[in-house]
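Asker: Below are the structure tokens for one structure; questions will follow.
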Amino acid sequence: MKAAWYEMNGPSREVLVIGTMPDPVPGPGEVRIRVAASGINPGDVKKRQDAFGYGMPFPRVIPHSDGAGTIDAVGEQVARARVGERVWCYGAQSYRAFGTAAEYVVVPAGQAIPLPPGVPFEQGACLGIPGITAHRAVHAAGPVAGRTVLVQGGAGSVGMCAVGLARLAGARVLATVRSDVEAALAQASGAQEVVRYGERSRGDLIQDLRAFAPGGIDHVVEVAFAANIEADCEVLANGGSIAVYATGMATPTIPFWPLAFKNIRVFFLGSDDFPFAAKAAAAESINAMLVAGWPGFRIDKRIPLANIAEAHEYLEQRHGNGRVVVMTVGSE
């Protein structure tokens, strides 16, 4: 098969290699997917950069955990009927060496999720990490039906999924965004109220959120913990909760006593290590959200596997809210 890989950490154009490897063979409980589209997430770029200082987990890494395509082979203990099934997958390069930036990928059967009819492979390739992270972030503190949920950064990949999943679960959903363009994305995903922060002060943001939720917000899905923790504390109701999956500062300070006096619970989320049952529940809800009409992601770039370095650079340069996917040999 044709594949992209790296054998050392570093800049994409210096370490990513395009070449040929043996076709993978599914083992017991596994399926092989002929990949049509491979999704890139910030975590994939950070692993290649060694942003967290963990080094190379394997001598050779095929990047990307998320993808979509068609099952073409199954291992023992997997029903033959799955051959030919259109699927999206997650976790392909989570504690595994070979991800989806290749013509074929092998994953545990439970991580190959049927792709609802009419959903293109490009959308399926973007679902895994954002959707599963979002589901966990929405539900970490318990059921949200009838509760008010604030999604900070409601137009980002996780944010859009969180808005849609919270709405699907029966929450009243507020979202913060930077612009009118982002407001439209959050509203299309299901946000009932949107606050634009842009160049506005934290006090203005707090005032607007309090106007929408005078009794306090029950739960916050947080993308920028260091920047937003003080504002989150101000607008949360007593006994509220925060689920955080990212921060701009690795060692943030927190307003300890205000959080303590309000009995706020904080959940720190790392998607690779969610329990399998939580991932399975997330996959079920993501598909339900798609079937219910969630509009999905804007795909900004479809880049062939041979130009994967360009795709990584596009993500690193943060071109707005659209996604970039690598179209593999399997899509030709």
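Readers should treat all values here as calculations from the given coordinates under stated rules, not as data from a laboratory. Values in this document were obtained by computation on a predicted structure and should not be read as measured data. Here Cβ is always computed from backbone atoms with ideal geometry, including for glycine, and neighbour counts include all displayed protein chains.
Asker: Going by average Cβ density within 10 Å per residue, which order do the peptides 245-252, 45-52, 132-139, 264-271 take, highest to lowest?
Answerer: Going from most to least packed, we get 132-139, 264-271, 45-52, 245-252.
Asker: Have a look at the DSSP beta bridges in the chain and tell me what percent are antiparallel, nearest 5.
Answerer: Roughly 50 percent of the DSSP beta bridges within the chain come out antiparallel.
Asker: Now for a separate question. Could you tell me which of 153, 183, 270 has its Cα farthest along the dipole of the range 130-272 towards the positive end, charges placed at Cβ (Lys, Arg +1; Asp, Glu -1), taken about the Cα centre?
Answerer: Most positive-ward Cα: 270.
Asker: Of the options 37, 3, 15, report the single residue whose Cα projects farthest towards the positive end of the charge dipole of the range 1-49 (beta-carbon charges: Lys, Arg +1; Asp, Glu -1).
Answerer: Of the options given, the answer is 37.
Asker: Can I ask one more? Quick one: length gained pulling residue 211 to residue 184 fully straight, 0.36 nm per residue minus the C-alpha distance?
Answerer: Length difference between fully extended and current span is 7.7 nm.
Asker: Could you go through the range 129-141 in sequence order and give the Karplus-derived ³J(HN,Hα) for each residue, using 6.51 cos²θ - 1.76 cosθ + 1.60 with θ = phi - 60°, rounded to whole Hz, and x for Gly and Pro?
Answerer: Per residue, the Karplus-derived 3J(HN,Hα) values read 4, x, x, 5, 4, 4, 4, 5, 5, 5, 9, 4, 9 Hz.
Asker: Moving to a separate point now. Would you work out the Kirkwood radius for the range 178-242? I mean one over the mean of 1/r across all pairs of different Cα atoms, in Å.
Answerer: Over the range 178-242, the inverse of the mean reciprocal pair distance is 12.5 Å.
Asker: Please give the charge dipole size of the range 43-159, origin at the Cα centre, charges +1 on K and R Cβ atoms and -1 on D and E Cβ atoms. Round to the nearest 20 debye.
Answerer: 280 debye
Asker: If you add up the charges near residue 86, with Lys and Arg at +1 and Asp and Glu at -1, over every other residue whose beta carbon is less than 13 angstrom from its beta carbon, what do you get?
Answerer: -1
Asker: Starting at the first residue of the range 227-234, write each ³J(HN,Hα) from the Karplus equation 6.51 cos²θ - 1.76 cosθ + 1.60 with θ = phi - 60°, in whole Hz, x for Gly and Pro.
Answerer: Per-residue couplings from phi come out as 6, 10, 4, 5, 5, 4, 4, 5 Hz.
Asker: On to the next question. Counting other beta carbons within 10 Å of each Cβ, put 197, 95 in order, fewest first.
Answerer: 95, 197
Asker: Modelled label-to-label distance, residue 52 and residue 318, 7 Å Cα→beta-carbon offset: nm?
Answerer: So the two model labels end up 2.0 nm from each other.
Asker: Under 27 Å Cα to Cα from residue 47, which lysines show up? Leave out anything in the same chain fewer than 8 places away.
Answerer: The qualifying lysines are 2, 279, 301.
Asker: How far, in nm, would the chain grow between residue 250 and residue 60 when pulled straight, counting 0.36 nm per residue and subtracting the alpha carbon separation?
Answerer: Result for the pair: 65.6 nm of gain on full extension.
Asker: Quick check on the range 139-196: what does the Kirkwood estimate of hydrodynamic radius come out to from the alpha carbon pairs, in Å?
Answerer: Computed over Cα pairs of the range 139-196, the Kirkwood hydrodynamic radius comes out at 10.7 Å.
Asker: What are the residues whose amide H is under 5 Å from the amide H of residue 267, where those residues sit 5 or more places off or on another chain and H is modelled from the backbone?
Answerer: 242, 243, 244
Asker: Going toward the positive end of the dipole of the chain, with +1 on Lys and Arg Cβ and -1 on Asp and Glu Cβ, which of 126, 325, 140 do you reach last?
Answerer: 140
Asker: Where does each of 6, 104, 54 land when they are ranked from fewest to most other beta-carbon atoms within 10 angstrom?
Answerer: In increasing order of surrounding Cβ atoms, one gets 54, 6, 104.
Asker: A follow-up question, please. Expressed as cubic angstrom per residue, what is the convex hull volume of the alpha carbon set of the range 130-272?
Answerer: Value for the range 130-272: 98 Å³ per residue.
Asker: Pop a pseudo-label 7 angstrom from the Cα along the beta-carbon direction at both residue 310 and residue 257 and give the gap in nm to one decimal.
Answerer: 5.7 nm
Asker: Which ordering of 200, 323, 80 is given by a fewest-first count of other beta-carbon atoms within 10 Å?
Answerer: By the 10 Å Cβ count, ascending: 80, 200, 323.
Asker: Going by average Cβ density within 10 Å per residue, which order do the peptides 171-177, 55-61 take, highest to lowest?
Answerer: 171-177, 55-61
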